[in-house]
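The values are calculated or read from the model by the stated rules, or taken from the named source; none is laboratory data. What you see is a predicted model; the values in this text were computed from it and never measured. Every residue, glycine as well, gets a Cβ built from its backbone with ideal geometry; the counts of neighbours run over all protein chains shown. All accessible areas refer to the heavy atoms of the entire protein, side chains included, with ligands and DNA or RNA removed. Shrake-Rupley method; radii C 1.70, N 1.55, O 1.52, S 1.80 Å.
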Amino acid sequence: MQPPAPGTLRVLHLSDTHLTGDGALHQGTVDTTAALDALLEHVDGIEGVGLVVVSGDVSEDGSPESYAAARDRVGSWARRHGAAFVAVPGNHDQRAGFRQVLANGHVLGEGGAELMHTMEHLPPTVPVWGQSVVAGRRVVTLDTSVPGAGYGDLAAETLDRLRTTLTEDVAPHGTVVVLHHPPLPAPTSLHEALRLRDPAALADVLRGSDVRVVLGGHYHHHFAGSLAGVPVLVAPGVANDTDVAGPYDEEAAFVGTGALVVDVAEDGSVWSTPVRAPRPGADQPAMHLDAAAVARVAAAAGPAGPSAPA
């Protein structure tokens, strides 16, 4: 993959890792720890990542062991790459276990530095909130989970806090918002029942703000849209990939794991590149050109090649 342009914040956007504390298979089919390991290995050569995000459903069972697995695996990848690491709860997460291991979700700061947190007890009724600054971008994590439910909601205090943050503080290069339930139409009837309630309330806060992009998950498939003029990007699932071409009133998923690479430029431009981890024994290579072959094709067929107009 091409390196990021100067001044760009490159984000490795993961979601729906659904890790388990006892190694149980997700939906009885997927070893999510192995899936995460395979994905992190596949993206290890991507240059210039400054921030790693896990946008919810970090855990399947809410156990401290599952969050420790996320912290150790994703955190070590981020640290080796000199990247910050943040996570946010999803509907499968449990706030007590999340906070016990990941605190407010802002685990590593700019350059992969460990962030210090004041230890305080908060009941599970209080949404997780966090913010930090990475490469001049304010990163705000919003907890859309509703304890005991699968749908998403943003508590009034969360929206008020976001509004205050965006209006009173200035971020040099804008804000990145991370949440689990995306404020976009859902691809299946089940996800529609479990979508974010009242996205218009979030739109009212985002409209005219310095938010450059909203990163979400939950749908286990890559989606792109916008809310109040702000791009909204949904990452593929690490655990599996929703079959969005199937009947709307049914729910099916394929074994498969992926991520997004999101580039946020200094001028606020945003673009994303989906990445899929190949499955050993299932994905047959179609072609491969080494660097020398690529250079030959580019020289022959590119603008400077013999077919270029004089």
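Numbers for the structure displayed
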read-out	value
Subset of region 56-71 (residues that are under 19 Å from Leu115 (Cα atoms), among the small types (Gly, Ala, Ser) and surrounded by 23 or more Cβ atoms within 10 Å (Cβ to Cβ))	Ala69, Ala70
Close pairs from region 66-90: first touching a residue at least 60 places away in the same chain (Cβ under 8 Å), partner among the acidic types (Asp, Glu), Cβ under 6 Å, at least 6 apart	Pro89/Asp143; Gly90/Asp57
Given (1) more than 19 Å from the chain's Cα centre (by Cα); (2) open to solvent by less than 70 Å² (accessible area, probe 1.4 Å); (3) in contact (Cβ under 8 Å) with a residue 12 or more places away in the chain, number of the condition Ala277 does not satisfy	(1)
Count of region 249-259 residues which are part of a strand (DSSP E or B), open to solvent by 10 Å² or more (accessible area, probe 1.4 Å) and not hydrophobic (A, V, I, L, M, F, W, C)	1
Condition check for Arg212: buried (at least 20 other Cβ atoms within 10 Å of the Cβ), modelled with pLDDT of 95 or more and among the basic types (Lys, Arg)	yes
Residue that is part of a strand (DSSP E or B) and either open to solvent by less than 10 Å² (accessible area, probe 1.4 Å) or aromatic (Phe, Trp, Tyr) (or both), where the choices are Val107, Val74, Val140	Val140
Count of region 155-206 residues which are touching a Gly at 6+ places or on another chain (Cβ under 7 Å) and not hydrophobic (A, V, I, L, M, F, W, C)	8
Residue in region 215-242 that is surrounded by the most Cβ atoms within 10 Å (Cβ to Cβ), counting only those that are without any contact (Cβ under 8 Å) to a residue 60 or more places away in the chain, of a type outside the set (A, V, I, L, M) and farther than 15 Å from Arg276 by Cα	Tyr219
Checklist (1) of a type in the set (Gly, Ala, Ser); (2) in contact with a Ser or Thr (Cβ under 6 Å, 6 or more places away or on another chain); (3) open to solvent by less than 50 Å² (accessible area, probe 1.4 Å) applied to Gly246, failing item	(2)
